[in-house]
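**Q** One structure, as structure tokens, below. Some questions next.
The values are calculated or read from the model by the stated rules, or taken from the named source; none is laboratory data. None of the values given here were measured: they were computed from a predicted structure. No Cβ is skipped: glycine too gets one built from the backbone with ideal geometry, and neighbour counts run over all protein chains shown. These accessible areas exclude ligands, DNA and RNA; they are computed on the full protein's heavy atoms, side chains included. Shrake-Rupley method; radii C 1.70, N 1.55, O 1.52, S 1.80 Å.
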Amino acid sequence: MKLKNWAYEWWLNDMYMNNPLCLPINSNPGGVWPPQQFRNLDDQLHFASKLTSFLLDFKDVLDRNELPVETAASREPGQPLCMAQHYRLMTSYRVPCLPRDFRRDTSGCKPDHIVVAYRKHFFTCPVKTPERTLTTNEIFNQFKTIVQLETSNNEIPIGLLTSQKRPVWADERIKLLGEDINKQSMDEIETCSFIICLDDPLPSQYFNSLLNKKKRTTGGHWINDRDETNMLHQMLHGGGSVFNTGNRWFDKTLQFVISSDGAIGLCYEHSSAEGIGVLNLIDDFLGKIQQESSTSINNGTEAEKGSAVTGSGAEGDKGPEPIPQPIKLEWSISTEARNAVREACIEMDRYIEDLDLMVYRYEGYGKSFIKKCKVSPDVYLQLALQLAYYSLHGKMVATYESASTRRYKLGRVDCIRSTTMEALEWVKSMPTDHVEDRQRKFHLAVEKQTAIMVENILGEGIDVHMLGLKQQALECGMDLPTLFQDETFKIANHFALSTSQLPTKQDQFMGYGAVVPDGYGASYNPQPGSIIFCLSAFCSSPETSTLKFSQSLQRSLDAMKQMLE
């Protein structure tokens, strides 16, 4: 069989579909957007309807196959980039299964609905008639209908099952599908374009950063006494069984979270697409919201409630044609399923309690200063992470940074390995060497890191090719080659630093969990005058602390500037 990309299925299974761990924290990233000012429930629903209209317009572009092809901006600039990830965003569902998960392609279903999660209930919400897409005002009325429907707080929060380990959820899903009503409800969720999660706020005393437990000490996003670490908890996992974790369906690619206090963001299932495409889409939406707000202020009047961000709602309500009404999804829950949900509550609450999470904004400088030093911000910050880790732990560890390989058909990422001998020589020199020696070793480390980065984005990295050799041997019936059983190979793939650059135009950011029990997750977003880090680890590890790591990052970034000045 001729393949469009020999590595794609092998890579997808190895990275995601074979992984038995639960999706929240381990796999699904969470994103935080600039908070909104909601005075009441209507404000929350108006924002949700504007976002929905924007997303439906984007989906129309995808359905017409009219999304402009992006091109590489550097390193052989002008090369076209594969856009397949973007087309999967609203046509994918990750199905739990044994021996591995698989992607359900829902593009042939031509969905005319989204799903709304509200107070741990799920509602199918039509957004189209046979003739057209609903306007923003009509979508607002659909949401209004949903929140006015009578619901019982005593019903089982079925969505919590999607937070379980994949084999457990796969088994429970099969049992649920034995009832027709469950099968119908499940199909509505699996085939929807995306999910809108109408949330309640999280309390500050449980989820704020350690820096802000007693008083407000950092900048960034705030809502009342909630800091942005608190908001990232909400987007990553919902806050636990008492709060919003049951208001999620973690298998769905796109879940947009809109909290009643104005915290907004998303949780997205990672197997279908990388984060940068999602972030670019949200940048466009936030830019339009900002422009709309500025226009309203300049005109001296409040923007009309329910006005559209883009075309879907600009036409006003469309006359007397009937609009299909939202329907609450019903479930037949056996005693065994009830027990499974209770177990999911216990497991997820325990996992969340173990999560050490921090959003850290470094305010000393940002990418503007780094560019003046004639260094790539990504390369610079990778070396900063190496210095911070070495300074804190006295050693270097295997480091993963994702490198986009979209110059190839169906390309996703390969691994930039930032732990190099050049980086080690530089970090060892920082406390003691003369400044000229530190600068010389720094620039050698920059050259090496840059070379590895370029090799990876041009398709010449080592990790995907090594995976190909391993899988080819297994598929040919050979024994696993001894290379892949060697202890050094295992050490090289124990990524105690899992990193990713996620740059944005707007003041948003995205974070994720560490990938090993004794490691850190570290995404970073270089802004002109600051750098946003999303740091994660596990409290159960005696070796890690996001608070100490953030403090080491601050010292490292300060020292690097002093060295270069």
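**Q** With contacts defined as alpha carbon pairs under 8 Å and 6 or more residues apart, what's the relative contact order of region 1-132 in percent?
**A** With pairs under 8 Å counted, the relative contact order is 14 percent.
**Q** Right, next: Order 221-228, 412-419 from most to least packed using the mean count of other Cβ atoms within 10 Å. Each step should come with its number before you reach the end.
**A** Details: 221-228: 20.0, 412-419: 22.1.
Output ranking for 221-228, 412-419: 412-419, 221-228.
**Q** With a 1.4 Å probe and every protein chain kept in, tell me what percent of the accessible surface of the chain is carbon plus sulfur.
**A** Numbers: 12550 of 24460 Å².
Result for the chain: 51 percent of the exposed heavy-atom area is carbon or sulfur.
**Q** Ranked highest first by average number of other Cβ atoms within 10 Å, how do 178-188, 475-485, 445-455 line up?
**A** Listed from highest to lowest mean packing, they are 445-455, 178-188, 475-485.
**Q** Now for a separate question. If we sort 161-172, 106-117, 9-20 on the protection proxy, mean other Cβ atoms within 10 Å, highest first, what's the order?
**A** Highest-to-lowest ranking by the protection proxy: 161-172, 106-117, 9-20.
**Q** Moving to a separate point now. Please name which of Gly461, Gln485, Gly513 has its Cα lying farthest along the dipole of region 396-551 towards the positive end, using unit charges on Cβ (Lys, Arg +1; Asp, Glu -1) and the Cα centre as origin.
**A** With unit charges placed on the Cβ atoms, the residue in question is Gly513.
**Q** I want the local charge near Lys441. Using Cβ-Cβ distances under 15 Å, sum +1 for each Lys or Arg and -1 for each Asp or Glu among the other residues.
**A** Taking every other residue near Lys441 into account, the sum is -2.
**Q** Pull out a ≥ b ≥ c, the square roots of the eigenvalues of the alpha-carbon gyration tensor of region 80-120, then state rounded if a/c is under 1.5, prolate if not and a/b is larger than b/c, and oblate in the remaining case.
**A** oblate
**Q** Once amide H atoms are built 1.01 Å from N in the peptide plane, which residues 5 or more positions from Ser500, or in another chain, come under 5 Å H to H?
**A** Counting only residues 5 or more places away or on other chains, the set is Ala522, Ser523, Tyr524.
**Q** Right, something else. Please state the shape class of region 1-84: rounded when a/c is under 1.5, otherwise prolate if a/b exceeds b/c and oblate if not, all from the C-alpha gyration tensor.
**A** Cα axes put region 1-84 in the oblate bin.
**Q** Which of the pairs Lys395/Lys561; Lys395/Lys548; Lys372/Lys561; Lys183/Lys328; Lys428/Lys561 have their Cα atoms more than 19 Å apart in this structure? Each step should come with its number before you reach the end.
**A** Values: Lys395/Lys561 22 Å; Lys395/Lys548 15 Å; Lys372/Lys561 11 Å; Lys183/Lys328 14 Å; Lys428/Lys561 17 Å.
Among Lys395/Lys561; Lys395/Lys548; Lys372/Lys561; Lys183/Lys328; Lys428/Lys561, the Cα-Cα distance tops 19 Å for Lys395/Lys561.
**Q** Suppose every Lys and Arg Cβ carries +1 and every Asp and Glu Cβ carries -1, with no other charges. What dipole size does region 379-449 come out with about its Cα centre, to the nearest 20 debye?
**A** With only Lys, Arg, Asp and Glu charged at Cβ, the dipole is about 420 debye.
**Q** May I pose another question? Please report, largest first and rounded to whole Å, the three semi-axes of the ellipsoid equivalent to the chain, where each semi-axis is the square root of five times an eigenvalue of the C-alpha gyration tensor.
**A** Ellipsoid half-lengths, sorted descending, are 38, 28, 24 Å.
**Q** Now for a different question. On a straight-distance basis, which lysines could pair with Lys409 in a cross-link, Cα separation under 26 angstrom, same-chain partners fewer than 8 positions away excluded?
**A** Cross-link targets: Lys2, Lys4, Lys59, Lys110, Lys252, Lys470.
**Q** How big is D for region 364-433, in µm² s⁻¹ as a whole number, if Stokes-Einstein is applied with the Kirkwood radius of its Cα pairs at 10 °C and 1.306 mPa s?
**A** It comes out at roughly 116 µm²/s.
**Q** For helix 546-564, report the angle its Cα long axis makes with the longest principal axis of the Cα atoms of the chain; keep it between 0 and 90° and round to the nearest 10°.
**A** Around 50 degrees separate the two axes.
**Q** Still on this structure, I have one more. Relative to the first principal axis of the alpha-carbon coordinates of the chain, what is the inclination of helix 136-148, with its axis defined by its Cα atoms, in degrees from 0 to 90 and to the nearest 10?
**A** Taking Cα atoms only, the helix is inclined about 80 degrees.
**Q** Same structure again: Protein chains only, probe 1.4 Å: how do Arg338, Arg64 rank by accessible area, largest first?
**A** On the way: Arg338 95, Arg64 125 Å².
Putting Arg338, Arg64 in descending order of accessible area: Arg64, Arg338.
**Q** For the chain, what is the relative contact order in percent, using Cα pairs closer than 8 Å and at least 6 residues apart in sequence?
**A** It rounds to 20 percent for the chain.
**Q** Just the projected area, averaged over all directions, of the convex hull on the alpha carbon atoms of region 1-149: how many nm²?
**A** With every direction weighted equally, the projected area is 13.3 nm².
**Q** Give the angle, between 0 and 90 degrees and rounded to the nearest 10, that separates the Cα long axis of helix 228-237 from the longest principal axis of the Cα atoms of the chain.
**A** 70
**Q** First check a/c for region 59-101, with a ≥ b ≥ c the square roots of the eigenvalues of its C-alpha gyration tensor; if it is under 1.5, answer rounded, and if not, answer prolate when a/b is larger than b/c or oblate otherwise.
**A** Oblate.
**Q** Counting DSSP beta bridges in the chain, what percent are antiparallel, to the nearest 5? Display every interim value, and only then the final one.
**A** On the way: 46 of 64 bridges.
DSSP beta bridges in the chain are roughly 70 percent antiparallel.
**Q** Moving on. Tabulate in residue order the Karplus-calculated ³J(HN,Hα) for region 417-425, using 6.51 cos²θ - 1.76 cosθ + 1.60 with θ = phi - 60°, rounded to whole Hz; enter x for Gly and Pro.
**A** 9, 7, 7, 10, 4, 5, 5, 4, 4
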